[in-house]
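Undergrad: I have a structure I would like to understand better, so I am pasting it below and will then ask my questions one at a time.
A short reminder: the numbers here are calculations on the coordinates, not readings from a lab. Please read these numbers as outputs of a predicted model, since none were measured by experiment.
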Amino acid sequence: MTLPTVTLSDSPPTDPVTLVVRRRIRSGQEGAYEAALTRLSELLARVPGFRGTGILRPSGGSREYTVVARFDSLTSAAAWELSPERTAWLDTIADLVDDQLSFERQPGLDFWFTPPAAPTLRQPPRWKMAVLTLLVLYPVSVGITLLLSPLTGGWPLGVRALAQMLLVVPAMTYLFMPVATRAAGRWLTP
């Protein structure tokens with residue numbers, strides 16, 4: 001089966017990279033796959049340059065899982081992709097998976113700017129991605145800071161920043177950036 005793939009165009013090897021993998025899990029294998037995801041998180045945590053992961057679980061009767069892994073550079077992502085640990089992990093899930101629906105590598109901010117239904121579309125210029133991200137991130141960040149400050153005002157700075165990021169990142173990823181990229185679609189990709 002040929003998978004839809006997004007390749008890293010002219011991305012420098014030091015740019016951050018996000019890997020996005022969608023898989024359809026066999027019926028009745030969800031528990032085993034969840035255990036495999038726990039193991040995957042443990043493996044990824046040991047990879048130099050790994051910056052975090054997210055898992056979108058199936059909803060509405062679907063059996064599709066999406067795993068998002070972020071790395072500090074193309075070099076770090078490639079080291080994971082070529083590692084024996086990844087190969088062994090893929091072998092352990094082979095009987096749990098019906099299909100791998102897609103595998104995407106997205107450099108830098110591109111993760112927020114690639115429509116899931118059309119991963120082969122050309123990315124907008126980086127300066128436009130940066131401008132839109134700044135225009136959306138600033139009010140979201142200030143708003144959440146104002147909301148949290150009565151609760152977290154006496155906390156150490158690092159803990160306050162972590163609490164803020166725990167709200168800002170999901171809000172940006174799932175709410176504000178999808179709306180902003182749709183609204184600015186004509187400007188982003190004329």
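Undergrad: Using the Karplus curve 6.51 cos²θ - 1.76 cosθ + 1.60 with θ = phi - 60°, what ³J(HN,Hα) values do you get for each residue of the range 147-153, in whole Hz, with x for Gly and Pro?
TA: Along the range 147-153, the couplings run 5, 7, 4, x, 8, 10, x Hz.
Undergrad: Over all directions, how big on average is the projection of the convex hull of the alpha-carbon atoms in the range 126-188, in square nanometres?
TA: Averaged projected area of the range 126-188's Cα convex hull equals 4.5 nm².
Undergrad: Which residues' amide hydrogens lie under 5 Å from the amide hydrogen of Asp99, considering only partners 5 or more residues apart or on another chain, with H built in the peptide plane?
TA: Under 5 Å from the amide H of Asp99 lie the amide H atoms of Arg24, each far enough along the sequence or on another chain.
Undergrad: Karplus couplings for the range 155-161 from phi (6.51 cos²θ - 1.76 cosθ + 1.60, θ = phi - 60°), rounded to Hz, Gly and Pro as x?
TA: 6, x, 3, x, 6, 4, 4
Undergrad: Pull out the extension gain between Thr38 and Ala94, defined as 0.36 nm times the separation in residues minus the alpha carbon to alpha carbon distance; nm, one decimal. Walk me through the intermediate numbers first.
TA: Working: separation 56, 0.36 × 56 = 20.16 nm, distance 1.60 nm.
Here the answer is 18.6 nm.
Undergrad: Taking θ = phi - 60°, what integer Hz values does the Karplus form 6.51 cos²θ - 1.76 cosθ + 1.60 yield along the range 48-56, in sequence order, with x for Gly and Pro?
TA: Those phi angles translate into x, x, 6, 10, x, 9, x, 10, 9 Hz.
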